[in-house]
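Chemist: Here you go, one structure.
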Amino acid sequence: MIDVFLLLGSNLGNRNAFLHKAIEYIEQDIAPVIKKSAVYETQSWGKTDLPDYLNQVVMLQTALPAQDVLQKLLTIEIEMGRKREEKWGSRIIDIDILFYGNEIINEPNLIVPHPELHNRRFTLEPLGMLMPDFIHPVLNKSILDLKSSLKDDLIVKKI
């Protein structure tokens, strides 16, 4: 079984309900969620004029290959009404694979560890709550170290 860490995000509608619904789908279609961070309200990253997000990191264990996990997550996003209209645009739900165990995956449709996670406070705050000592397999730094050297100053607050 592989430990998989996912970042959930929503900035439209009933954001909290969408996070809960995404977790239900993940547990039904992929594997039970073993750990979950607190929910954080975060300023929009990339396009800063959009509504604030709710973000949460969840951990599950699965024997499914990473590509299968990705395809199931994309299906969940579609079933929940996600529309991909613009990069960093608002969304009902966004589910990103942050880590797939210690694996390094570099495929056209999947890069793991997530290539931007070390630059994003909205990812590192909840991730640091769950696994501060986990060593990023590419950067060889702990989540806590990545968080302490972060330059992202967007507001991220636990709710």
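Chemist: Taking Cα atoms of the stretch 1-70, Rg/Rh with Kirkwood Rh, to two decimals?
Modeler: 1.02
Chemist: Same structure, new question: Would you mind getting the Kirkwood hydrodynamic radius of the chain from its Cα pairs, rounded to one decimal in Å?
Modeler: It is 15.7 Å.
Chemist: Could you give the semi-axes, largest first, of the ellipsoid that matches the stretch 85-159, computed as the square roots of 5 times the alpha carbon gyration tensor eigenvalues and rounded to whole Å?
Modeler: Value: 20, 19, 11 Å, ordered largest first.
Chemist: Okay, moving on. What's the longest bit of the chain with no exposed trypsin sites (Lys or Arg not before Pro), using DSSP loop states and at most 16 other Cβ atoms within 10 Å as the test?
Modeler: Value returned for the longest uninterrupted segment is 88-140.
Chemist: If you don't mind, there's one more thing I want to ask. Mind telling me which of Ile104, Ile143, Ile76 comes out most flexible in a GNM of the chain, alpha-carbon contacts under 10 Å?
Modeler: Ile104
Values quoted throughout were computed directly from the atomic coordinates according to the rules given, and no laboratory measurement underlies them. This one's a predicted model, so the numbers in the text were calculated from it and none came from an experiment. Please note: Cβ atoms are built from the backbone with ideal geometry, for glycine as well, and neighbour counts cover all protein chains shown.
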